[in-house]
1. Less than 19 Å apart at the alpha-carbon level, and either on another chain or at least 8 residues along: which lysines does that give for Lys312?
2. Would you give the gap between the C-alpha center of the range 372-419 and the C-alpha center of the range 427-501, rounded to a whole Å?
3. Taking amide hydrogens as modeled 1.01 Å from N in the peptide plane, which residues meet the under 5 Å criterion relative to Leu303, leaving out close sequence neighbours?
4. Quick check on the chain: helices-only [θ] at 222 nm, where DSSP H runs of length 4 and up contribute -39,500 (n - 2.57) each and the sum goes over total residues. Nearest 500, please.
5. Hey, which lysines would be in cross-link range of Lys485, C-alpha to C-alpha under 16 Å, not counting anything within fewer than 8 residues on its own chain?
6. Return a whole-number percent for the relative contact order of the chain, with Cα pairs under 8 Å and 6 or more residues apart as the contact set.
7. Can you work out ³J(HN,Hα) from phi for every residue in the range 422-434, in order, using Karplus 6.51 cos²θ - 1.76 cosθ + 1.60 and θ = phi - 60°, giving whole Hz and x for Gly and Pro?
8. Amide H to amide H under 5 Å from His90: which residues, 5+ apart in sequence or cross-chain, H placed 1.01 Å off N in plane?
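Rule-based calculations on the coordinates, nothing more; no lab input. Quick caveat, the model's predicted, so the values are computed rather than measured. As a convention, Cβ positions derive from the backbone with ideal geometry for all residues, glycine included, and neighbour counts pool all protein chains shown.
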Amino acid sequence: MGRVSAGVALSGALLETACSHLSTSMAVPFHPLPTTTEDNFITADGFTADVLIRWRDPLNTKDKFGTNNDFLCFIPLNTDGTNALLWVNHEYMHPVLIHNRKMNSPRTKAEMSLEQLEIGGSLVEIIKRNGKWSYVPNSKYNRRITAQTKIPFQKNTRIMNATSAYGMVTNCSGGYTPWKTILTCEENYDIYYGNSTYINKKRQFVPQKKMNWYEHFNHPPEHYGWVVEVEPFTGHATKLITLGRFEHESATVTTGKSGKVVVYMGEDRRGGGIFKFVSDSGKNLDKGTLYVANTDKGQWIALDYATNPILKKHFNSQLEVLIYASYAAELVGGTAQDRPEDVEIDPITGAIVVALTNNIDQGNLYGSLLKIEEDSGDHESLTFKASTLMSGGMESGFACPDNMVFDGKGNLWMTSDMAEYDMRDGKYPGFGNNSLFYIPLKGPYAGGIYRVASAPCDAEFTGPTFSSDSKTLFLSVQHPGALTKDPSAPTSTWPDGPGQLPKSSVVAIQGPQLEKLTL
Ligand code: FEO
Ligand code: CA
Ligand code: CA
Ligand code: CA
């Protein structure tokens, strides 16, 4: 086993449990990691892991790397992919680790203003020298987009009396377009700016007690919950109205048979929907149709004001349908799902895989992976077959699937996200810390689920993405030490060790075993 920083060796007893429930096959592609609750980043033998960049590392003389990194997008800057631009989402921040303030506690406007600089996204140049990756401080490409950056709405659309938003928030997962822009998804925006309902054409603000920025910053929740498109070389950002407003987890981009661009999206809330947007063109996302999935009937239902009498009854315009797309999806018969997280497309079969992470209210603790196969294998199709690809639980050895990436051979790499408070409360005994799994879907090891890496305490792994040569898997380590109540006694000290605050970081996984699996 390998560690990012020094740690104690796992006991022999623990090692013996290595394969007990992760794979039913005696033959294994590598010796998988056993479960562990150690506060460290640990990999199975044959993999190495190095921290690439940490929270508050300087990007340049004015900007610092944000916290709680999630989605990663690797954009090569040279032909062999040893020099690249890395986009990194910064999903949320924890006031305890920022300035020893509790969530929900009264904070000054100046304190909240500081918090706003910790989230959003980072662009950072990275380079591989002598086999190891490092980031390039002061690169001309390095920049931040934060919760304070002014971001226009697509086509200067007016929303709640403004044509731009103050910042972007809770950037979770995302995607990359054929025209080389980044899509970054605003997810749990309500923790900062509350939410609103729109029932019988009456809007009502609904405060949410968590980060409470609305106490000092008067921005409507309708300005958040969008997919934001970012041009990586200028940092120009736009909030995309056409893709609808809801708790956007992910935006996975592909192309249909006629050449139209298609974006698959999960809405991560209990009862949230699976959406897809089919662009009218192959060149931008400015016009097209937003659909929600009815997975019982195998149908994509258009959220189209012009043709749907239910939408006409409840809204005054297509713009209102898109602003309140979550509600509109329920009205037209979108199937309520168990918290759709990441969406990925099998590069060999074209099947769409959706991580349904859990639905604890409904007694679903472990989640599952849903497979969607579009009719005629066409992503523009309006009908499909849905089936469960695999379920979480003790037998499969994982719980709460979240982020995923396929390698070029069609193997799935998946991370788990058992919430830190649920792990503390004993909901997941025997699962260890959150982990990264290798899941071959074809070949001699198909059906096996193999643990590759284990996360530090309270953390989840997010944003898995491969370098262009598939020799490196970049991975975010998000919210280590998230249960910390007192910064002088954090519940994790990863990656810098005892006496240090925990720091969300990006890690580069390499090694002979990774290359054996991906090349
Ligand atoms: Fe930000 Fe649904 O995870
Ligand atoms: Ca997620
Ligand atoms: Ca993904
Ligand atoms: Ca999650």
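1. Lys201, Lys202
2. If you average the Cα positions of each part, the centres end up 19 Å apart.
3. So Leu303 has HN proximity to Leu290, Tyr291, Val292.
4. Values: 9 runs with 54 residues, N = 519.
After summing the helix terms and dividing by the residues of the chain, the value is -2500 deg cm²/dmol.
5. Candidates past the 8-residue exclusion: Lys102, Lys210, Lys503.
6. Details: 1416 pairs, mean separation 81.7, N = 519.
About 16 percent, as a whole number.
7. 6, 5, 4, 7, x, 6, 10, x, x, 8, x, 7, 4
8. Asp70, Gly120, Gly121, Ser122, Asn171
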